[in-house]
Amino acid sequence: MKFATLSLALATVSAGLAAPSQGPGGKYYGKAKGLNDLARRAGLLYFGTAVDNPSLNNSKYLSIAYDTSEFGQATPANGQKWMYIEPQRNVFNYTMGDAIIKPAKNNGQMRRCHTFLWHSQLPDWLTSKNYTKTELISILENHIKNEATYYKNDCYAWDVVNEAFNEDGTYRNTLWLWTIGPEYLEYAFKFARKYTSRQTKLYYNDYNVERVNNKSIAIAKMVRDFQRKGVPIDGVGFQAHFKTGSTPSYEEQVASMKQFTKLGLEVAITELDVRTLLPDSAEKQAQQAKDYANTVKACKDTDDCVGVTVWDFWDPVSWVPDVFPGEGVACLWSANYTKKPAYYAVADVLGEDD
Ligand SMILES: *[C@@H]1O[C@H](CO)[C@@H](O)[C@H](O)[C@H]1NC(C)=O
Ligand SMILES: *[C@@H]1O[C@H](CO)[C@@H](O)[C@H](O)[C@H]1NC(C)=O
Ligand SMILES: *[C@@H]1O[C@H](CO)[C@@H](O)[C@H](O)[C@H]1NC(C)=O
Ligand SMILES: *[C@@H]1O[C@H](CO)[C@@H](O)[C@H](O)[C@H]1NC(C)=O
Ligand SMILES: *[C@@H]1O[C@H](CO)[C@@H](O)[C@H](O)[C@H]1NC(C)=O
């Protein structure tokens, strides 16, 4: 009897009788308690977050990061970058990667591993001289071999190559390009396939690709080229580092993702954050909420978009203030751990078909 009354009450609320949007909490979305619960109900594999090593001393932060109702997947923000993993040539150090991968694994969260090859955050031994082409290919193979073997069954996906293209669709001029040539991308993906477990999804990951533009078109061309040549690739990651009020539209984001899903790849939103020109205001928070929700909805509505990862969820540990002076408050949780309108907007979009 009690239960019947309760479910009647819930039915009344979910019929939308001027109920304010409250997000998770068992109130309007059945048993969903957080964003990952809602994402799973909406058919995604996960709602995830990046976690950075300096955050690991903060128990309040960790209680949210490892709350599987909020986050079903964790990505090391920095801990698996080359400078930390192979700080000296052929000397591997998995301490920082493990600090994020191991607790997530023990906790039943998926892991996106990030990243084998990038032009940034490389160790000095790699950047302070030019190697021959043959030597650099063998350095790349050795790096991927060791790290992929170490994290053999730990990663749902690997970002194999990060940010290899310029905005105009040409290859970014990096030591990889000038020493090996554009085929360094093929080497990286072949080595990744050779040394990761068979089920690991191999991703190319980049920013400013959330519209059909010269950069995303060039990446789609690379994918078709890989497919013709039999070079393995499973997915494309859309970083989605956005600015409040100037994000690509829902339609633009769907159209860009479809460039890849129609080639048989999966896609994912891999580094979502929406930064605001300070000072913040209620109006800016409302716009930020729309912007977050748009991107999450674009993924939810695109077949083969498997999940959304935010590039951390708590403002004090966001990368934004360091890199974009005068901007900030890019995350879903405020410094005082209150959930922003953006959090509830994301919950509403994920729960809208419930
Ligand atoms: C964690 O360490 C950072 C520096 O890495 C420090 O700024 C912060 O206050 C520490 N947080 C806690 C909760 O101890
Ligand atoms: C490995 O990295 C950790 C974290 O940066 C560091 O504390 C440790 O000293 C390193 N280990 C070795 C053997 O260099
Ligand atoms: C390596 O070669 C590139 C391209 O020729 C050049 O720009 C760069 O300065 C060289 N780096 C070093 C450390 O010599
Ligand atoms: C690609 O770049 C060219 C030259 O800058 C520009 O004219 C064109 O509009 C761009 N194409 C797209 C789809 O953005
Ligand atoms: C937490 O911070 C936000 C954003 O600065 C503010 O709007 C809110 O009032 C604060 N909440 C509490 C309980 O202090």
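What follows is calculated from the coordinates using simple rules that are stated; it is not laboratory data. Since we're looking at a predicted model, the values are computed, not measured. So basically every Cβ, Gly included, is an ideal-geometry build from the backbone, and we count neighbours across all protein chains shown.
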Students often get this wrong: which residues of region 77-116 have the backbone nitrogen under 17 Å from the point 7 angstrom along Cα-to-C-beta of Q199? 105-113
What is the fewest-to-most order of K215, K340 by other Cβ atoms lying within 10 Å of their Cβ? K340, K215
For the chain: rounded, prolate or oblate by the Cα gyration tensor [a/c cutoff 1.5]: prolate
Taking the 0 to 90 degree range and rounding to the nearest ten, how far is the long axis of helix 2-14 tilted relative to the main principal axis of the chain, both from C-alpha atoms? 70
Can you sort F226, F324, F71 by how many other beta carbons sit within 10 Å, fewest first? F324, F226, F71
Report, to the nearest 10°, how far helix 282-301 tilts away from the longest principal axis of the Cα atoms in the chain, using its own Cα long axis and a range of 0 to 90°. 70
Percent antiparallel among DSSP beta bridges confined to region 4-351, nearest 5, equals 15
Compute the FRET efficiency between K152 and K262 as 1/(1 + (r/R0)^6), taking r as their Cβ-Cβ distance and R0 = 51 Å, and round to the nearest 0.05. 0.95
In degrees, nearest 10, range 0 to 90: what is the angle between the Cα axis of helix 250-261 and the longest Cα principal axis of the chain? 40
Could you grab the relative contact order for region 23-96? Cα pairs under 8 Å, six or more apart, rounded to a whole percent. 26
Which residues qualify? For G79, with a placed amide H closer than 5 Å and at least 5 residues away or on another chain, they are N53
Counting sequence-distant residues (5 or more places) and residues on other chains, those with an amide H built under 5 Å from that of Y46 are V308
